[in-house]
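Quick notes on the structure that follows.
Each value in this text was obtained by applying a stated rule to the coordinates, not by laboratory testing. Quantities reported herein were computed from a predicted structural model and do not represent experimental measurements. Cβ: placed from backbone, ideal geometry, glycine included. Neighbour counts: every protein chain shown.
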Amino acid sequence: MSSTCPRRAASATWNATTARLLSSSSRCGLAPLSPPRDPSYAVIHGIADSTPYEIPGAGALLHTRRLAPNERTALPDSPFAYLHLVRGHIRLGEERLAAGDSARITTEPGLEAVATGDASVELLVWEMTGG
């Protein structure tokens with residue numbers, strides 16, 4: 001599975017002891033757990049911020065978060081998650097991310113995203129469950 005930012009060539013990789021920026025020109029996406037399966041697409045309306053959406057074919061849960069300026073949110077405590085910042089600016093640990101940035105998060109329990117700046121924030125977090 002590729003996990004890089006489609007708008008900017010930077011993504012942050014997190015683990016318990018390191019935080020560093022990576023560069024890549026790959027595309028991001030979820031792969032089916034059991035190939036060969038064709039990808040499927042759907043528009044899902046009305047997902048509340050606190051309700052994850054299950055994507056069983058990819059072994060993932062999708063979390064949406066909308067934050068006011070200076071608001072914080074806990075990220076899922078899972079072995080692997082992928083965050084994409086849709087709008088605004090956040091602080092993730094010691095790193096600062098802007099709209100279009102993405103982060104791969106591994107083994108970092110208790111991690112929070114904090115909205116920075118004067119604008120609201122919208123982010124997507126894929127919690128990888130592995131099926």
| task | Would you mind calculating the gained length between Glu54 and Thr107 on full extension (0.36 nm times residue separation, minus the Cα-Cα distance), in nm to one decimal? | result | 17.0 nm
| Label points 7 Å out from Cα along the Cβ direction at Ala68 and Val43: separation in nm? | 3.0
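For Ala48, what is the net charge nearby, where nearby means another residue's Cβ is under 12 Å from its Cβ and Lys, Arg count +1, Asp, Glu -1? Don't skip to the answer; put the middle values down first.
Working: positive: Arg65, Arg66; negative: Asp49.
Once positives and negatives cancel, what remains is +1.
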| remark: For Ala113, the net charge from surrounding residues (Cβ-Cβ under 15 Å; K, R +1; D, E -1) works out to -3
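Within 11 Å, Cβ to Cβ, of Arg66, how many net charges do the neighbouring residues add up to if Lys/Arg are +1 and Asp/Glu are -1? Please report the intermediate quantities before stating the final value.
Numbers: positive: Arg65, Arg87; negative: Asp49, Glu71, Glu122.
Local net charge: -1.
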